[in-house]
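The values are calculated or read from the model by the stated rules, or taken from the named source; none is laboratory data. Remember, predicted model here, so these are calculated numbers, not experimental data. We place every Cβ from the backbone using ideal geometry, glycine too, and count neighbours over all the protein chains shown. Please note that ligands, DNA and RNA were not included when accessible areas were found on the heavy atoms of the full protein model with its side chains. Shrake-Rupley method; radii C 1.70, N 1.55, O 1.52, S 1.80 Å.
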Amino acid sequence: MKKFVIIGSGTAGLIAAGMIKSYWGDKVQVTLYYDANKKNISVGESTTPLIHSFLVAMGITTKELIRDLSATIKLGINFKNWIPETEYFHGFTEADIFHQPDYSSALYSIPNDCYDGGVLFNEATTTIPNEDFNYEHGLHIDTQEFSNYMFERLKNKIEFVDDVAEKINVKDNRIESIDFRDSGNITADFYIDCSGFNSLLIKNLKTQWIDITEHLPIDRAIPQQIPYDFDEVPSYTLAEATDNGWIWQIPIRNRYGTGYLYSSKFTTDEEAREKYNSWLLEKFGTGLKTDRIIQYKPGYYDQAWVGNCLAIGLSSGFVEPLESTGIHIIIQQIHDFINLNSRLNFLNLDRKVFNQRNLKTYEVIVDFICLHYNTNRSDSDFWRYMTDNKKEWVDDIDEKCRKEFLDSFSITEQSFWHLDSYIQVAKGLQMFDKKSVGAYLDMQSNKEEILKIMKEYHESNAQSKRFKNKKMSHKQIIDSIHK
Ligand SMILES: Cc1cc2nc3c(=O)[nH]c(=O)nc-3n(C[C@H](O)[C@H](O)[C@H](O)COP(=O)(O)OP(=O)(O)OC[C@H]3O[C@@H](n4cnc5c(N)ncnc54)[C@H](O)[C@@H]3O)c2cc1C
């Protein structure tokens, strides 16, 4: 039996514990230490469809999360005012419903003026498909409620210990043991660092921090929950740009989770509080009621797995939550770790592969988030900076979109977003030129064939055929399930 010690009972610690125990069962002994006086970050309420790979492992269904908790369905993200006075939708894509590997049906629809958004969901609505959740969807969750729920489900399977890790003993770049305040000196076969921004274990090992502030300078967030009596429940997260950052707005069954994100380089905390307060008053008729400001370093460790220690979640890094990737990364990390060690024999041999994949994940996320800032805005110091400091990749993609089109060759194979996602964002940011797309098509030797296939894809597009006439009120479905 292998002994795992996990530090931290936030979403990362609980997901790691749940997946490890569900995969390896009696072959592992899992002890999770947490500091009851150090609260979880308690934000992170908008998820991607990858959450289901964790839920399935735990035997939890969407319906149960709606019935037992305050979960709601998420079909995508609505981006508002990124180019002022405009909005666009990035909806989820079901990978197996279409198999065009290199092109998007937008190749047909943009030149023909009939582009209507993503393949599955094309606009922000308060409806969801009436298909018993048998379609690609994420969830909005109340993170604290979700943690309590997971705690209850896991408490007979793993050992939870409320104790503070005080000293990390390291030898030869491996963790030898951890000194806890009450439990004393503890050893394990493997250590998982889920201690949040503290990076309690990993920061003691040799690994390099990759700072991404140059391109993504937002480093502060003020979160506030707003109790809300919904007439209709949005089936999307709202990401609304402000003149110095952006605001998230996430609908949970009986409240919104909102948060104001800004960069300390351009905005003082006082200014941010004032602006957020005005936004809250205007939108909800209620002012700012919290003193809390979350501060973080945007970036990640180049090696999240060092020796016998793996950092998962915020302890491994953080990129601003514009595409709700935090929980996604956690599941991806623990998934990769389990897959690479499926027989539980060595627990140290596949670090290189893991770290390469993890690094790529972060790089792809950073690139994609940077693409969202390709607005060419110059109406504040913040936006001028974002426009003047674009990543080379964004400049390249921008030029490609404006002069040609985006095909899958422009996007790394390891991206977890499909080509269609990049096109939704680029289209939302007005990066395509109808004539250039036509010229791009003209350059293809098999233009007619590509066009025919893309036209067919467009016409049989899931959103127009499968879901358009099959959507129901999100609220009605939730109310009918929730007790
Ligand atoms: C502003 C913001 C918005 C976000 N929005 C989203 C989103 O919409 N979607 C999404 O997927 N993700 C989002 N995230 C990311 C998401 O919140 C995290 O990925 C997720 O909550 C996991 O956090 P964690 O478990 O790594 O850390 P935490 O929740 O901070 O947990 C850390 C744990 O470590 C324990 N601990 C710390 N020190 C010690 C010690 N010495 N001894 C013992 N225990 C210790 C604490 O008690 C705690 O249990 C957001 C993050 C931020 C900052």
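Tilt of helix 269-284 relative to the longest C-alpha principal axis of the chain, in degrees (0 to 90, nearest 10)?
Roughly 60 degrees between the two axes.
How about K283: which aspartates and glutamates have a C-alpha closer than 19 Å to its C-alpha, ignoring those fewer than 8 places off in the same chain?
Within the straight-line limit of under 19 Å, K283 reaches these aspartates and glutamates: E85, E87, D229, D231, E232, E240, D243, E271, E274.
For every helix of n ≥ 4 consecutive DSSP H residues, a contribution of -39,500 (n - 2.57) applies; sum these over the chain, divide by its total residues, and give [θ] at 222 nm rounded to the nearest 500 deg cm²/dmol. Before the final figure, lay out the partial values.
Numbers: 14 runs with 159 residues, N = 483.
It comes out at -10000 deg cm²/dmol, rounded to the nearest 500.
Please list, or write none, the lysines whose alpha carbon is within less than 18 Å of the alpha carbon of K391, excluding same-chain residues fewer than 8 places away.
The reachable lysines, counting only those whose Cα sits under 18 Å from K391, are K360, K400.
By accessible area of protein heavy atoms, probe 1.4 Å, what ranking do W305, W393 get, highest first? Spell out each step's value before the answer.
Values: W305 0, W393 60 Å².
Ranked from most to least accessible, the order is W393, W305.
Within straight cross-link reach of K455, meaning Cα distance under 17 Å, which lysines are found once same-chain residues fewer than 8 apart are removed?
K434, K447, K465
Using a 1.4 Å probe on the protein heavy atoms, what percent of the accessible area of segment 143-184 belongs to carbon and sulfur?
Values: 960 of 2370 Å².
Solvent-exposed carbon and sulfur of segment 143-184 make up 41 percent of the total.
Once you keep just the Cα pairs under 8 angstrom separated by 6 or more residues, what percentage relative contact order results for segment 1-158? Walk me through the numbers on the way to the answer.
Working: 194 pairs, mean separation 48.4, N = 158.
Over segment 1-158, the number comes to 31 percent.
Let me know the charge dipole size of the chain about its Cα centre in debye, to the nearest 20, where only the beta-carbon of Lys, Arg (+1) and Asp, Glu (-1) is charged. Before the final figure, lay out each step's value.
Values: 54 positive and 69 negative charges, 228 e Å.
The dipole of the chain has a size of about 1100 debye.
In units of 2.2 N^0.38 Å, what is the alpha-carbon radius of gyration of the chain? Show your work: numbers first, answer last.
Details: Rg = 22.8 Å, N = 483, 2.2 N^0.38 = 23.0 Å.
In units of the globular-protein estimate, the chain measures up at 0.99.
How are the C-alpha pair distances of segment 317-387 spread across 10 Å bins, as whole percents from the shortest bin up?
The calculated distribution, bin by bin, is 17, 36, 24, 14, 7, 1.
What percent antiparallel are the DSSP beta bridges of the chain, to the nearest 5?
On the way: 50 of 71 bridges.
Just about 70 percent of them are antiparallel.
Determine the relative contact order of the chain: mean sequence separation of Cα pairs under 8 Å and six or more apart, normalised by residue count, in whole percent. Mind dumping the intermediate values first?
Details: 898 pairs, mean separation 112.0, N = 483.
Taking the mean separation of contacting Cα pairs over the length of the chain, I get 23 percent.
What whole-number value in Å² describes the accessible area per residue of segment 1-136 for a 1.4 Å probe?
Details: 5060 Å² over 136 residues.
Per residue, segment 1-136 has an accessible area of 37 Å².
Find the centroid of the Cα atoms in segment 376-455 and in segment 113-167, then give the distance between the two in whole Å.
The distance from the Cα centre of segment 376-455 to that of segment 113-167 comes to 30 Å.
Using just the alpha carbons, could you tell me how many Å³ per residue the convex hull of segment 360-483 encloses? Please report the intermediate quantities before stating the final value.
Numbers: hull volume 23.2 nm³, N = 124.
Per residue, the Cα convex hull of segment 360-483 comes to 187 Å³.
Under the √(5λ) rule applied to the eigenvalues of the Cα gyration tensor, what semi-axes describe the equivalent ellipsoid of segment 60-134? Give them in Å, descending. Mind dumping the intermediate values first?
Details: eigenvalues 153, 69, 18 Å².
Working through the eigenvalues yields semi-axes of 28, 19, 9 Å.
Keeping the other protein chains in place, figure out the carbon and sulfur percent of the accessible area of segment 205-358, with a 1.4 Å probe. Present the calculation step by step, with values, prior to reporting the outcome.
Values: 2780 of 6150 Å².
Here it works out to 45 percent.
Do the alpha carbons of any pairs in K2/K352; K275/K427; K63/K155; K3/K157 sit beyond 18 Å of each other, and which pairs? Mind dumping the intermediate values first?
Details: K2/K352 22 Å; K275/K427 29 Å; K63/K155 22 Å; K3/K157 14 Å.
The pairs that break the limit, which is 18 Å between Cα atoms, are K2/K352; K275/K427; K63/K155.
If contacts are Cα pairs under 8 angstrom and at least 6 residues apart, what is the relative contact order of segment 340-483 in percent? Show your work: numbers first, answer last.
On the way: 74 pairs, mean separation 26.8, N = 144.
For segment 340-483, the relative contact order is 19 percent.
Show me the ranking of peptides 28-40, 44-56 by mean Cβ neighbours inside 10 Å, starting with the highest.
Values: 28-40: 17.0, 44-56: 21.5.
Order by mean packing, descending: 44-56, 28-40.
Among 199-209, 14-24, 276-286, how do they line up from the highest to the lowest mean number of other beta-carbon atoms within 10 Å?
Answer by packing, highest mean first, reads 14-24, 199-209, 276-286.
Taking a probe of 1.4 Å, how large is the accessible area per residue of segment 335-483, in Å²?
Heavy-atom SASA per residue in segment 335-483 reads 51 Å².
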